[in-house]
Amino acid sequence: MYLITIFSNLYVLGNPDTKRLVENYNQLTRQLFYGLLKSYPRQTFVLSALAFYNTLAQFSLYSKGQTLKAIKDALGTKNTTEMKRILKIVNKRTFGHDLHLPLRYATKIYADDKYKFCSAFKNSFSKYFIGQTGNADFDNPTKAARTINAWVNRQEIGQAGNKNLVNATKIKKDKGFVIVNSFEFELDFDTGFNPRQVKVINVYSNERKIINTPALVGTGIVKYAYLEKYKAQFISITLNGGAFTFFVALPDKVDGLPEMLQKIKRSNVSEEAFAAQEFRCVNISLPLQRAATQADLTKILKSVKNLDIVFDKDRAKFSGVTKKCEAGAIEGVFSEVYLVGKMIEDDNLDAMKKSHVAKSICANKDKITIEINRPYAFSILNNLVGVDTPSLLFSGVYYQNDIVNHNF
């Protein structure tokens, strides 16, 4: 795993506040993950908590009393000034235009047309948390939903998804803020991976169903561990020159994913897996999958300890969010994520073979074979943060389908 760091900012990113922010963010991601898993078993989905985490950080600057305390507890910080500095750097490193990474991200907070956002609120959301604000006619839910969905579609994200992220039934007259976010990420396996070809392989959707799926097949240098207690392999493959890591938890059995996830839920599997992993040369087949997920995360987030207060109009105490300073709460949180494996053309395949050395330095006797040909759990780890604790950019499960869309 490679860490890309900006040395002038290490004094910010290496401090205890950064570690707490990352750990609490990862915990929020896991809570969303298991919330969706419980509601939609044996379905493909991919999610990220980053947009809501950024939005919570923004609201912490404009809240008070028990509301502020609940948000700080969720974020894992006691110091909002330090939090702004850290997240500004993290967001710039992850989404900065100069990075040229295959990652697109957009988030926006909507309020009723009657309630215009304060300039300070808009400016801080943009400056520190790369977010936007907007207004829609909540008195006309159909029109409001059309306005919000039009913005989502202009981001050109979620190309395979249902274009209606927000349903009109989710918009309530004289209610609070609606938060929407969209992500698109391309899995570019360009480090330590020497593909021989792109070919169709047989992948199990379950014990009885096999789906023919395009896959990248070749030799790679990965970090690998087999943990007996989980009956699973754990594989880390670098992406985008080491900027990210594709972390796979692959159960032994075709139908072993639910059991494995229950074991993982009760233990700190990431630390165990990372400690056990070693660099290995592998013959690997990796599906070039796509997953498109649209989700209403409101119910799950309301169930997170103490966070219900920000969704309760009678209890939420925000100040300076809108110009009239009327009472407000978060009414809904909607997320769209589109994850796609990079399709490699024949002419680019030759270039990749020449630019990677896995095949030449891996002796045949040292190779192991990994076939990712059955349901698995995965995460995209963000190495750009520059801290010891890996940050979960995306998490999800994969039950093999070519393109899977869910409008939760």
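The sole residue among ILE179, ILE211 that is surrounded by fewer than 18 Cβ atoms within 10 Å (Cβ to Cβ) and under 23 Å from TYR338 (Cβ atoms) is ILE211.
Looking only at the range 168-190, count how many residues are without any contact (Cβ under 8 Å) to a residue 60 or more places away in the chain and over 21 Å from ASP312 (Cβ atoms). The total comes to 1.
Residue under question is SER285, and the condition is that it be assigned to a strand (DSSP E or B) and crowded, with 17+ Cβ neighbours inside 10 Å; does it hold?
On the way: assigned to a strand (DSSP E or B): yes; crowded, with 17+ Cβ neighbours inside 10 Å: yes.
Considered against the rule, which asks whether it is assigned to a strand (DSSP E or B) and crowded, with 17+ Cβ neighbours inside 10 Å, SER285 comes out as yes.
The lone criterion from (1) over 19 Å from the mean Cα position of the chain (by Cα); (2) buried (at least 20 other Cβ atoms within 10 Å of the Cβ) left unmet by VAL269 is number (1).
A single member of THR219, THR245 is touching a strand residue (DSSP E or B) at 6+ places or on another chain (Cβ under 8 Å), modelled with pLDDT under 95, under 14 Å from LEU286 (Cα atoms) and hydroxyl-bearing (Ser, Thr, Tyr), and it is THR219.
Report yes if GLY241 is touching a residue at least 60 places away in the same chain (Cβ under 8 Å) and in a helix (DSSP H, G or I), otherwise no. First the steps, then the outcome.
On the way: touching a residue at least 60 places away in the same chain (Cβ under 8 Å): yes; in a helix (DSSP H, G or I): yes.
The answer is yes for GLY241.
Considering only residues that are over 20 Å from PHE394 (Cα atoms) and either among the basic types (Lys, Arg) or out of contact with any helix residue (DSSP H, G or I) (no Cβ under 6 Å at 6 or more places or on another chain) (or both), which ones fall in the range 294-319? Within the range 294-319, LYS302, SER303, LYS305, VAL310, ASP312, LYS313, ASP314, ARG315, LYS317, PHE318, SER319 meet the criteria. Inspection of the range 123-140 finds a residue satisfying the criterion of being modelled with pLDDT of 95 or more, more than 21 Å from the chain's Cα centre (by Cα) and of a type in the set (Ser, Thr, Tyr).
With respect to the conditions (1) at pLDDT below 90; (2) touching a Phe, Trp or Tyr at 6+ places or on another chain (Cβ under 6 Å), VAL337 lacks only one, and its number is (1). Listed by first and then second residue, the pairs with beta-carbon distance under 9 Å, at least 6 apart or on different chains, first residue in the range 55-77 and on the phi > 0 side of the Ramachandran plot, second assigned to a loop (DSSP other than H, G, I, E, B), are GLY65/LYS317.
Any residue at all in the range 304-316 that's under 20 Å from PHE45 (Cα atoms), in contact with a strand residue (DSSP E or B) (Cβ under 6 Å, 6 or more places away or on another chain) and in a helix (DSSP H, G or I)? No: zero hits.
Looking at (1) modelled with pLDDT of 85 or more; (2) outside the structural domain of ILE309 (by TED's automatic domain parsing), which one does LYS88 not meet, given that it meets all the others? So the condition that LYS88 fails would be (2). Among what's in the range 351-391 and is assigned to a helix (DSSP H, G or I) and touching a Ser or Thr at 6+ places or on another chain (Cβ under 7 Å), pick the residue that is modelled with the highest pLDDT. Per the criteria, the residue is ASN383. Do you know which of the residues in the range 302-319 that are at pLDDT 90 or above and small (Gly, Ala, Ser) is surrounded by the most Cβ atoms within 10 Å (Cβ to Cβ)? Of everything passing the filter in the range 302-319, ALA316 is surrounded by the most Cβ atoms within 10 Å (Cβ to Cβ).
Of everything in the range 96-122 that is of a type outside the set (Gly, Ala, Ser) and closer than 15 Å to THR55 by Cβ, the residue that is modelled with the lowest pLDDT is TYR105. Of the listed requirements (1) crowded, with 16+ Cβ neighbours inside 10 Å; (2) assigned to a loop (DSSP other than H, G, I, E, B), VAL333 misses just one: (2). Residue-level check: of (1) in a strand (DSSP E or B); (2) hydroxyl-bearing (Ser, Thr, Tyr); (3) surrounded by fewer than 16 Cβ atoms within 10 Å (Cβ to Cβ), THR133 misses just (3).
Could you list all residues from the range 289-344 that are acidic (Asp, Glu) and over 21 Å from the mean Cα position of the chain (by Cα)? Let's see the steps before the verdict.
Just the residues of the range 289-344 that are acidic (Asp, Glu), to begin with: 296, 308, 312, 314, 326, 331, 336.
Once the filter is applied, which keeps residues that are acidic (Asp, Glu) and over 21 Å from the mean Cα position of the chain (by Cα), the range 289-344 yields ASP308, ASP312, ASP314, GLU326, GLU331.
Would it be correct to say that LEU56 is closer than 22 Å to LYS317 by Cβ, modelled with pLDDT of 95 or more and buried (at least 20 other Cβ atoms within 10 Å of the Cβ)? Answer is yes for this residue.
The values are calculated or read from the model by the stated rules, or taken from the named source; none is laboratory data. Just so it is clear, the structure is predicted and the values come from calculations on it, not from any experiment. Here the Cβ is made from the backbone with ideal geometry for all residues, glycine too, and neighbour counts use every protein chain on show.
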